[in-house]
Amino acid sequence: MKNIFTFLAAVLFTATTFAQVGINTETADPSAALDIVSTTGGLLVPRMTNVERQAISNPAAGLQVFVTDFDGGSFMFYNGTKWGTLSFTKTIPDAPTTVTATGGNAQATVSFTAPSSNGGSEITSYTATSSPDDISATVTQAGSGDITVTGLTNDTSYAFTVTATNAIGTSVASAASNSVTPSSAPAIGDIYQGGVVFHLFEAGETGYVSGETHGLVVAMSDVPPSVKWGCSGDDLPNVPNVPDNGVPVGLGAEIGDGFNNTNDILNDCPTAPAALAARSLGAQWFLPSAKELNQMYINKDDLEAVDGFTAFSSSTYWSSTEADASRAWAQYFLTGYQADYGKTFTYDVRAVRAF
């Protein structure tokens with residue numbers, strides 16, 4: 001108690017002598033009666049309930065308090081005739097919404113929707129944080145989007161929350177996402193073995209092994225330039241014919257057939273331009289079968305969203321599926337239409353490989 005009186009006496013003496021008080025500073029600003037210097041704390045005004053504020057007798061003009069139970073907590077001041085609130089024109093954003101997660105290899109992609117209110121100040125970034133482990137990643141943007149969180153432990157279940165940050169501060173965390181379990185097994189859209197996974201083999205398809213993950217990878221870009229299928233007029237003896245009955249069906253057209261098709265084409269016609277273009281990437285790369293090519297088209301949007309992946313052209317792509325001596329199957333990637341075309345036509349090539 002003695003120390004308190006001593007402090008008050010010192011403050012009053014300083015205020016009386018200099019008409020100014022400086023806290024944490026020896027030289028108060030000349031314009032201020034009270035100058036508080038701090039980089040770790042702020043000025044805490046009196047806090048009270050609304051009933052307690054109303055009980056203040058003869059408030060002075062300029063009196064300010066923080067009312068704890070009014071609109072969730074409000075600053076109120078008296079202007080000499082009446083009380084009023086100090087409104088926040090800018091504050092932290094609301095929390096992001098619709099947070100969902102998709103697992104990958106030691107990572108997860110967290111999607112979110114921007115909050116309806118940015119607090120009056122543009123949002124500058126979003127941060128996704130995992131539970132468990134509190135592993136986070138941040139993207140710099142104002143609107144909705146995706147955040148890729150890396151460094152996760154495979155075979156561990158994670159959920160994620162997202163916060164939004166503006167110039168005022170950071171929002172409360174969103175509701176948690178669904179749980180995902182990252183896995184070392186590649187998934188559609190993963191960059192893998194020099195390309196991007198576009199299909200995982202299913203039971204009944206060539207290449208499927210129960211309990212294991214195998215599938216197809218598409219190259220990151222076309223093999224330039226556009227080329228003919230080649231070998232026109234030659235009904236290649238080892239390459240199955242798949243006549244155009246509207247949909248390519250049967251040996252040579254199915255998922256898992258592309259590798260053997262390409263080998264057989266090059267055995268029967270070593271100068272076949274389209275097959276050679278695909279094989280130019282390496283011995284494991286091949287010209288896709290008609291159904292493999294169609295699977296690429298089905299996943300076109302997801303593939304083109306992968307960083308570093310060159311978008312497909314709006315032209316036509318060759319498959320390794322032969323229709324007859326003069327025609328082979330191809331697909332128009334603007335609409336997805338598949339049909340057989342003359343082997344002398346010049347179309348694009350996008351190679352694939354299996355894993």
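The values are calculated or read from the model by the stated rules, or taken from the named source; none is laboratory data. Computed from a predicted structure; not experimentally measured. Because the Cβ atoms are built from the backbone with ideal geometry, glycine has one as well, and the counts that use them run over all protein chains shown. Just so you know, the surface numbers come from the protein's heavy atoms only, side chains and all, with ligands and any DNA or RNA stripped out. Shrake-Rupley method; radii C 1.70, N 1.55, O 1.52, S 1.80 Å.
A few comments on the model shown:
- Subset of the stretch 235-266 [in a helix (DSSP H, G or I) and either modelled with pLDDT under 95 or more than 17 Å from Met296 (Cα to Cα) (or both)]: Asn260, Asn261, Thr262, Asn263, Asp264, Ile265, Leu266
- The single residue among Val172, Val196, Val218, Val223 that is in contact with a helix residue (DSSP H, G or I) (Cβ under 8 Å, 6 or more places away or on another chain), part of a loop (DSSP other than H, G, I, E, B) and at pLDDT 95 or above turns out to be Val223.
- Of all residues in the stretch 302-332 being of a type in the set (Gly, Ala, Ser) and closer than 26 Å to Gly145 by Cα, the one that is surrounded by the fewest Cβ atoms within 10 Å (Cβ to Cβ): Gly308
- Residue check: Ala277 meets all listed conditions (1) out of contact with any Asp or Glu (no Cβ under 8 Å at 6 or more places or on another chain); (2) in contact (Cβ under 8 Å) with a residue 60 or more places away in the chain; (3) in a strand (DSSP E or B) but one, namely (3).
- The conditions of being farther than 20 Å from Gly80 by Cα and either in contact with a Leu (Cβ under 8 Å, 6 or more places away or on another chain) or outside any strand (DSSP E or B) (or both) are not met by Asp35.
- Set Thr181, Thr161: member being of a type in the set (Ser, Thr, Tyr), over 30 Å from Glu292 (Cβ atoms) and under 18 Å from the mean Cα position of the chain (by Cα): Thr161
- Some residue of the stretch 329-341 being at negative phi, among the acidic types (Asp, Glu) and either touching a Pro at 6+ places or on another chain (Cβ under 6 Å) or outside any strand (DSSP E or B) (or both): no
- Screening the stretch 64-89 for residues that are under 29 Å from Gly169 (Cα atoms) and open to solvent by less than 60 Å² (accessible area, probe 1.4 Å) and picking the one that is modelled with the lowest pLDDT gives Gly84.
- Residue check, Thr81 more than 28 Å from Ala167 (Cβ to Cβ), of a type in the set (Val, Ile, Thr) and out of contact with any strand residue (DSSP E or B) (no Cβ under 8 Å at 6 or more places or on another chain): yes
- Identity of the residue in the stretch 27-43, β-branched (Val, Ile, Thr) and within 21 Å of Phe66 (Cβ to Cβ), that ends up surrounded by the fewest Cβ atoms within 10 Å (Cβ to Cβ): Thr40
- Conditions (1) at pLDDT 90 or above; (2) under 49 Å from the mean Cα position of the chain (by Cα); number of the one not met by Glu52: (2)
- Residue count, the stretch 97-128 (criterion: in a strand (DSSP E or B), out of contact with any Leu (no Cβ under 9 Å at 6 or more places or on another chain) and either open to solvent by less than 40 Å² (accessible area, probe 1.4 Å) or without any contact (Cβ under 8 Å) to a residue 24 or more places away in the chain (or both)): 10
- Cβ-Cβ contacts under 7 Å between residues 6 or more apart (or on different chains), taken from a first residue in the stretch 136-149 that is in contact (Cβ under 8 Å) with a residue 12 or more places away in the chain and closer than 17 Å to Asn166 by Cα to a second residue that is open to solvent by less than 40 Å² (accessible area, probe 1.4 Å) and assigned to a loop (DSSP other than H, G, I, E, B), are listed as Ala142/Ile123; Gly143/Ala114; Ser144/Ala114.
- Residues being open to solvent by 50 Å² or more (accessible area, probe 1.4 Å) and touching a residue at least 12 places away in the same chain (Cβ under 8 Å) - total across the stretch 250-267: 3
- Of all the criteria given as (1) in contact (Cβ under 8 Å) with a residue 24 or more places away in the chain; (2) loosely packed, with under 14 Cβ neighbours inside 10 Å; (3) among the aliphatic types (A, V, I, L, M), the one not satisfied by Ile188 is (2).
- First in the stretch 163-183 and free of Cβ contacts under 8 Å to residues at least 40 places away in the same chain, second anywhere and in a loop (DSSP other than H, G, I, E, B) and surrounded by fewer than 18 Cβ atoms within 10 Å (Cβ to Cβ), Cβ under 6 Å, 6 or more apart: none
- When the stretch 280-301 is limited to residues that are part of a loop (DSSP other than H, G, I, E, B) and under 16 Å from Phe312 (Cα atoms), the one that is nearest to the chain's Cα centre (by Cα) turns out to be Asn299.
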